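Okay, structure first, notes after.
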Amino acid sequence: MIFGWFDARAARSFGSELALAFMALVPADAKMTDRKFEAKARSALTQLGRRVADFTREHRLNGYQKARLGNAFKWALKDAGYDAAYIDKLTDWLILQLQ
């Protein structure tokens with residue numbers, strides 16, 4: 001019952017999975033021009049947006065689970081070496097997609 005509210009395993013797993021998918025599409029250490037990076041990032045966010053929409057249709061997330069999903073996504077990107085300001089923007093984008 002109430003303990004199900006705190007079960008965020010699926011959300012954490014999905015957050016890590018999204019970060020890995022983003023890293024595969026837009027590597028942190030890739031040498032690209034700003035224009036090429038923006039194009040790749042825009043394409044990646046479109047693909048990830050579809051995955052997020054599918055996930056939210058299957059899983060009804062509460063606030064705690066959304067936070068855990070965002071946290072898993074953020075820390076995976078941070079561990080991969082992305083810029084902190086960029087990670088914050090991506091995480092904000094993700095949380096807005098979950099609404």
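Structure notes:
- Residue among 35, 60 that alone is more than 19 Å from residue 91 (Cβ to Cβ), basic (Lys, Arg), out of contact with any helix residue (DSSP H, G or I) (no Cβ under 7 Å at 6 or more places or on another chain) and not in a helix (DSSP H, G or I): 60
- Sole exception among (1) crowded, with 19+ Cβ neighbours inside 10 Å; (2) part of a loop (DSSP other than H, G, I, E, B) for residue 69, by number: (2)
- Here 64, 86, 82 are screened, and the one residue that is aromatic (Phe, Trp, Tyr), free of Cβ contacts under 8 Å to residues at least 40 places away in the same chain and farther than 14 Å from residue 97 by Cβ is 86.
- Residues of the stretch 11-24 include none that is surrounded by 13 or more Cβ atoms within 10 Å (Cβ to Cβ), more than 12 Å from the chain's Cα centre (by Cα) and either assigned to a helix (DSSP H, G or I) or at pLDDT below 90 (or both).
The values are calculated or read from the model by the stated rules, or taken from the named source; none is laboratory data. Here the structure is a predicted model, which is why all the values come from computation and not from measurement. Methodologically, a virtual Cβ is constructed for each residue, glycine included, from the backbone with ideal geometry; neighbour enumeration extends over all protein chains shown.
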